[in-house]
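Okay, structure first, notes after.
The values are calculated or read from the model by the stated rules, or taken from the named source; none is laboratory data. Worth saying up front: this structure is predicted, and the values here are computed from it rather than measured. Positions of Cβ are generated from backbone atoms using ideal geometry, with glycine treated the same way; all protein chains shown enter the neighbour counts. Quick note on the areas: whole protein, heavy atoms, side chains included, nothing else; ligands and nucleic acids left out. Shrake-Rupley method; radii C 1.70, N 1.55, O 1.52, S 1.80 Å.
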Amino acid sequence: MSINVGDKIPSVNLFHMTEDKPVQISTDDIFGGKKVVFFVVPGAFTPTCSAAHLPGFVNNADAIKAKGVDSIVCVSVNDPFVMAAWGEAQNVGDKVSLYADPGNFTKAVGMELDLGVAGLGVRSNRYSMIVDDGTVTVLNNEGGPDFEISSAEALLEQL
């Protein structure tokens with residue numbers, strides 16, 4: 001069963017890269033007491049994720065934050081080194097926080113997507129959410145790797 005509007009974000013650890021090493025951070029710390037725009041991509045450096053999904057949030061970061069959003073968070077089932085390299089390659093700066101999910105978050109929210117046929121293994125559906133103090137208030141679930149309703153522009157209109 002996948003996460004829905006009104007559900008609380010499960011308490012699990014994700015990974016974020018510091019200057020010298022990856023560190024764990026709890027979803028409780030990411031979402032607690034904050035309004036967060038959150039989006040998940042099937043994979044860093046994949047075509048749609050790199051050409052459209054992440055850049056949309058980077059380009060619209062100021063407009064999103066002007067709507068009262070505390071942070072913009074991107075997650076992918078990748079390792080923290082890959083996520084950090086992707087952020088550098090995409091010139092993310094401090095506009096979007098990139099977190100690596102070893103799969104525990106994706107499984108906890110019921111969003112697994114088997115992309116083994118494409119050589120990627122088990123990843124996550126593509127989706128975006130607005131999370132207010134740990135509760136999902138808006139959910140745009142693509143239901144797979146497609147990119148139609150989870151864009152930054154769509155979410156900006158929902159804020």
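Here are a few things to note about the model shown:
- Selection within region 136-155 - in contact (Cβ under 8 Å) with a residue 40 or more places away in the chain and more than 25 Å from D28 (Cα to Cα): P145, F147, E153
This table checks each residue for (1) at pLDDT 95 or above; (2) in contact with a Pro (Cβ under 7 Å, 6 or more places away or on another chain); (3) not acidic (D, E).
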site	(1), (2), (3)
F45	no, no, yes
A51	no, no, yes
N60	yes, no, yes
I64	yes, no, yes
E88	yes, no, no
N91	yes, no, yes
Y99	yes, no, yes
G103	no, no, yes
K107	no, no, yes
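- Region 46-66: number of residues that are in a helix (DSSP H, G or I), surrounded by 16 or more Cβ atoms within 10 Å (Cβ to Cβ) and β-branched (V, I, T): 2
- Selection of region 131-154 for residues being open to solvent by 20 Å² or more (accessible area, probe 1.4 Å) and not in a loop (DSSP other than H, G, I, E, B) yields D132, T135, T137, V138, L139, N141, E153, A154.
- Subset tally (residues that are open to solvent by less than 60 Å² (accessible area, probe 1.4 Å), in a helix (DSSP H, G or I) and in contact with a strand residue (DSSP E or B) (Cβ under 8 Å, 6 or more places away or on another chain)) for region 67-103: 6
- The requirement of being closer than 21 Å to N140 by Cα, assigned to a helix (DSSP H, G or I), in contact (Cβ under 8 Å) with a residue 40 or more places away in the chain and open to solvent by 10 Å² or more (accessible area, probe 1.4 Å) is fulfilled nowhere in region 14-28; no residue meets it.
- All conditions in (1) under 15 Å from L156 (Cα atoms); (2) of a type outside the set (S, T, N, Q); (3) touching a Lys or Arg at 6+ places or on another chain (Cβ under 8 Å) hold for V77, with the sole exception of (1).
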